[in-house]
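Q: Sending over a structure as C-alpha cells; questions will come in a sec.
The values are calculated or read from the model by the stated rules, or taken from the named source; none is laboratory data. These numbers come from a predicted model, not from an experiment. Cβ placement follows ideal geometry from the backbone for every residue including glycine, while neighbour counts extend to all protein chains displayed. When the accessible area is computed, the model is the full protein with side chains, heavy atoms only, and any ligands, DNA or RNA have been set aside. Shrake-Rupley method; radii C 1.70, N 1.55, O 1.52, S 1.80 Å.
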Amino acid sequence: MITVCNLTAGYGKLEILQDLSLSFAAEQFSAVLGPNGSGKSTLMKAVMGVNRIFAGSIRLEDKELVGMPTEAIAGLGLAYVPQRENIFDELSVLENLQLGCRSLPRDARPAALNELFERFPILGRRQTQRAVTLSGGEHQMLAIAIGWLSRPRLMLLDEPSAGLAPAIASEVFGVLQTLSESGITLIVVEQNARRILQHCDYAYVLREGRLAFQGTAAECLADEETIKGYLGVH
C-alpha cells in the first residue's frame, strides 16, 4: 500500500532518515520500532508531507506523495494521529469529534457519531466534558477516534501508549487491534516494543535513520540481536 524508496528526510538542513527503503502491505498492522532518534516519527511525518524530503519517493499505491500538500494526502484516505497536540483541549469531547467528521457529508455525521460511541463508549459518556479534563487513556482514545471518523483506509499513529499505565495501554492496544480487524491498515510507532509485538502483524526496526530489521512480529521477538541491540528490552 505504501512504498518508501531511497528516502532521505528530516528538518531544516538536518537529515534524519538516510536512503530508507521499505514497504507497508494493505490491511496489515505494522509497528515501527527502534531507539529514540532513529527516525520513527520522521517517517510518519514524511508520509504525511509535514517535514522536509531531501530525496526519494513515497508512493501510495500508484500515487506519488512527495510534493503533495498534507491536506491532499489526507484526502486520499490517510489519517495521522501525532504523539502530542492531537486534540483541542479547550473544546468538549463532542466538539472535537464533530471536527473529526468535517470530511463526511452532513447527513452522514450523526450515524458516524453513533457508531463511534458504540466503539468508544467512554467517549459517549464524556462527550460534554472539556477534552482537557480527560485522563491520559481517554485522551488517546479521543485522538484515535478523531482519526477514525475520517473513514481512513490507512491510519498512522505515533506513540499511542506514551505515558499510559500498563492497564490503560492495554485498552489502547485493544482498540488498535479492533481497528485492524475492521480492515484499516495501521502503521504504529511505539516504544513499548514487547506489547505492540503481541498485536501487530509485521515490524520494522530503525536505527540511525536506516532499516535495521524487518519481519513478522514472531520473527522480531525471536531475533536476539534485534531485541538486545535495538529495542532496549530483554
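Q: Of everything in segment 58-77, what is of a type in the set (D, E, K, R), assigned to a loop (DSSP other than H, G, I, E, B) and in contact (Cβ under 8 Å) with a residue 24 or more places away in the chain? Give them in sequence order.
A: Once the filter is applied, which keeps residues that are of a type in the set (D, E, K, R), assigned to a loop (DSSP other than H, G, I, E, B) and in contact (Cβ under 8 Å) with a residue 24 or more places away in the chain, segment 58-77 yields only GLU61.
Q: Now for a separate question. Just one of (1) open to solvent by 40 Å² or more (accessible area, probe 1.4 Å); (2) in a helix (DSSP H, G or I) trips up VAL47, so point out which.
A: Condition (1) is where VAL47 drops out.
Q: Please verify whether segment 198-212 includes one or more residues that are open to solvent by less than 70 Å² (accessible area, probe 1.4 Å), under 13 Å from GLY34 (Cα atoms) and within 15 Å of the chain's Cα centre (by Cα).
A: Step one: filter segment 198-212 for residues open to solvent by less than 70 Å² (accessible area, probe 1.4 Å), giving 199-200, 202-206, 209, 211-212.
Subsequent filtering for residues that are under 13 Å from GLY34 (Cα atoms) retains 203-206, 209, 211-212.
Filter again for within 15 Å of the chain's Cα centre (by Cα), leaving 203-204.
Yes, some residue in segment 198-212 is open to solvent by less than 70 Å² (accessible area, probe 1.4 Å), under 13 Å from GLY34 (Cα atoms) and within 15 Å of the chain's Cα centre (by Cα).
Q: Another question about this same structure. Report the residue count in segment 190-227 for those that are more than 18 Å from ALA25 (Cα to Cα), without any contact (Cβ under 8 Å) to a residue 60 or more places away in the chain and touching a Phe, Trp or Tyr at 6+ places or on another chain (Cβ under 9 Å).
A: So the answer is 6.
Q: Let me ask something else about it. How about segment 155-170: which of its residues are touching a helix residue (DSSP H, G or I) at 6+ places or on another chain (Cβ under 6 Å) and more than 30 Å from THR3 (Cβ to Cβ)? Spell out the reasoning first.
A: Filtering segment 155-170 for residues touching a helix residue (DSSP H, G or I) at 6+ places or on another chain (Cβ under 6 Å) gives 155-156, 158, 160-161, 163-164, 168.
Answer for segment 155-170, where residues must be touching a helix residue (DSSP H, G or I) at 6+ places or on another chain (Cβ under 6 Å) and more than 30 Å from THR3 (Cβ to Cβ): GLY163, LEU164, ILE168.
Q: Sticking with this one: Within segment 60-98, restricting attention to residues that are touching a helix residue (DSSP H, G or I) at 6+ places or on another chain (Cβ under 7 Å) and loosely packed, with under 13 Cβ neighbours inside 10 Å, which residue is nearest to ILE122 (Cα to Cα)?
A: ASP89
Q: Here is a follow-up. Name, by its number, the condition in (1) at pLDDT 95 or above; (2) surrounded by 17 or more Cβ atoms within 10 Å (Cβ to Cβ) that does not hold for SER21.
A: Of the numbered conditions (1) at pLDDT 95 or above; (2) surrounded by 17 or more Cβ atoms within 10 Å (Cβ to Cβ), the odd one out for SER21 is (2).
Q: Also, I was wondering about something else. Taking SER38 as meeting all but one of (1) in contact with a Phe, Trp or Tyr (Cβ under 9 Å, 6 or more places away or on another chain); (2) outside any loop (DSSP other than H, G, I, E, B), write down the number of the exception.
A: All conditions are met except number (2).
Q: Next question, about the same structure. Report every pair of residues separated by at least 6 positions or lying on different chains whose Cβ atoms are under 7 Å apart, first residue within segment 116-130 and open to solvent by less than 100 Å² (accessible area, probe 1.4 Å), second part of a loop (DSSP other than H, G, I, E, B).
A: The qualifying pairs are LEU116/LEU149; ARG126/LEU134.
Q: Taking segment 19-35 only, how many residues are assigned to a loop (DSSP other than H, G, I, E, B) and among the small types (Gly, Ala, Ser)? Working first, answer last.
A: Applying the first criterion (assigned to a loop (DSSP other than H, G, I, E, B)) to segment 19-35 yields 25-28, 34-35.
If we keep only those that are among the small types (Gly, Ala, Ser) as well, we get 25-26, 34.
Going through segment 19-35 one residue at a time, the tally reaches 3.
One line per residue, one yes/no per condition, for (1) modelled with pLDDT under 85; (2) acidic (Asp, Glu); (3) assigned to a strand (DSSP E or B); (4) at positive phi:
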| position | (1), (2), (3), (4) |
| --- | --- |
| SER161 | no, no, no, no |
| SER170 | no, no, no, no |
| VAL175 | no, no, no, no |
| ARG194 | yes, no, no, no |
| CYS200 | no, no, no, no |
| ALA203 | no, no, yes, no |
| GLN214 | no, no, yes, no |
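Q: Also, quick follow-up: List, please: which pairs have Cβ atoms under 7 Å, are six or more places apart or on different chains, and start with a residue in segment 37-57 that is without any contact (Cβ under 8 Å) to a residue 40 or more places away in the chain and end with one that is part of a loop (DSSP other than H, G, I, E, B)?
A: LYS45/ASN51; GLY49/LEU65; GLY49/MET68; GLY49/PRO69
Q: Does GLY183 satisfy being modelled with pLDDT of 90 or more and either of a type in the set (A, V, I, L, M) or under 20 Å from GLN28 (Cβ atoms) (or both)?
A: On the way: modelled with pLDDT of 90 or more: yes; either of a type in the set (A, V, I, L, M) or under 20 Å from GLN28 (Cβ atoms) (or both): yes.
It is true that GLY183 is modelled with pLDDT of 90 or more and either of a type in the set (A, V, I, L, M) or under 20 Å from GLN28 (Cβ atoms) (or both).
Q: Right, next: Could you please let me know if VAL32 is of a type in the set (A, V, I, L, M) and closer than 19 Å to VAL188 by Cα?
A: Details: of a type in the set (A, V, I, L, M): yes; closer than 19 Å to VAL188 by Cα: yes.
Yes: the conditions hold for VAL32.
Q: Of all residues in segment 153-173, which are free of Cβ contacts under 8 Å to residues at least 12 places away in the same chain and either buried (at least 20 other Cβ atoms within 10 Å of the Cβ) or within 24 Å of LEU78 (Cα to Cα) (or both)?
A: none
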